[in-house]
Amino acid sequence: MIPERTEQQAVAVSRRDRDIFLRAGAGTGKTSVLVDRFCAAALDPEGGIERILAFTFTERAADQLRRRIRDELSARIREAEGDPPEALREALEGTDRAWISTIHGFCRRLLASHPAAAGIDPRFRVVDEAEAERLAIRAFDTALAEMVESGEPEALELAAANRRRTLLEMTRGAYDELHWFWSDQYDANLQYAGFHTKWEQLVVRGRLDSGSYLACYVNDGRVDAAVGLNRAKDVRRVMPLIKSRRAVDLEQLRDEAVDLRSLHASPSAN
């Protein structure tokens, strides 16, 4: 039986021509509204259960949502007078293969269906939390060893002044707050920090054709992200500027004679 809905709940269930943001306190019927919205879309002749993608934060939540949807469709079939509509039976049968999962679960299912197109081993698996922790620590230890072996004074000073555990926590804290990726292949160290989709200016230290440069993606006088090719030190020094979101003097940012660390505390550019 479909419960009586408030006007706002009814809109959340029925509207599919725009984005809907649902915010409500505990016990106000959020999940039941989501279940009704899913069922309405599944029974829509222009929709269908195979065209719905529902994400949850946990696998447990995904299982609960799937079960609630299945229960709701079963209840509607029982309450239907005479023979239940074919659409109801098809929707109920389709709940087992419906796209209801976490983002990880969705990606796993999609890649498992097309491993060749994705260029991955079909025997791949998603690591669990404990294994991910071990891999993160192993990657940190490898990076720390390589940093020390480089012999750079800054690296040696950093390693000597901090315990391993402290450095690990500092690194993970920075990564949690700021996207940072790197690749070290074919004698080219490539690092990316921050995040950008568009930019007003591209400020480059060095030359893009020189094999060693730092390219900063700038919006409104602030560095949103940076790419460094064989400029690991510059990437480390520009990361505080990205995190602080402070405006900087772009000419100083471009000038290789200016130490990037001096921009962290310099007056913001107007």
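The values are calculated or read from the model by the stated rules, or taken from the named source; none is laboratory data. This structure is a prediction, so every number in the text was calculated from the model and none was measured. Cβ atoms come from the backbone with ideal geometry, glycine included; neighbour counts cover every protein chain shown.
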Glu146: surrounded by 10 or more Cβ atoms within 10 Å (Cβ to Cβ), over 15 Å from Arg236 (Cα atoms) and over 25 Å from the mean Cα position of the chain (by Cα), yes or no?
-> yes
So, in region 188-220, of the ones that are modelled with pLDDT of 90 or more and among the hydroxyl-bearing types (Ser, Thr, Tyr), which residue ends up nearest to Ala247 (Cα to Cα)?
-> Tyr217
Residue pairs within 9 Å by beta carbon, gap of at least six or interchain, first lying in region 95-118 and more than 22 Å from Ile69 (Cβ to Cβ), second surrounded by fewer than 14 Cβ atoms within 10 Å (Cβ to Cβ) and among the basic types (Lys, Arg), listed first then second, are Pro115/Arg123
Here are Ser101, Ser183: which of them is at pLDDT 90 or above and either over 30 Å from Tyr213 (Cβ atoms) or loosely packed, with under 15 Cβ neighbours inside 10 Å (or both)?
-> Ser101
Could you list, in sequence order, all residues of region 73-95 that are of a type in the set (D, E, K, R), under 24 Å from Thr31 (Cα atoms) and either at pLDDT below 90 or over 33 Å from the mean Cα position of the chain (by Cα) (or both)?
-> Arg76, Arg78, Glu79, Arg89, Glu90
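So that you can scan it fast, the table gives a plain yes or no per residue for (1) in the same structural domain as Ser244 (by TED's automatic domain parsing); (2) within 22 Å of Glu256 (Cα to Cα):
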site	(1), (2)
Ile137	no, no
Val148	no, no
Glu152	no, yes
Leu156	no, no
Arg163	no, no
Thr166	no, no
Asp187	yes, no
Gln191	yes, yes
Only one of (1) assigned to a helix (DSSP H, G or I); (2) under 26 Å from Thr58 (Cβ atoms); (3) aliphatic (A, V, I, L, M) fails for Ala117. Which number is that?
-> (2)
Selection within region 21-72 - of a type in the set (Lys, Arg) and outside any loop (DSSP other than H, G, I, E, B) = Lys30, Arg37, Arg51, Arg60, Arg66, Arg67, Arg68, Arg70
So is His264 of a type outside the set (Lys, Arg) and under 26 Å from the mean Cα position of the chain (by Cα) or not?
-> no
Taking region 150-180 on its own, how many of its residues are over 24 Å from the mean Cα position of the chain (by Cα) and surrounded by fewer than 10 Cβ atoms within 10 Å (Cβ to Cβ)?
-> 6
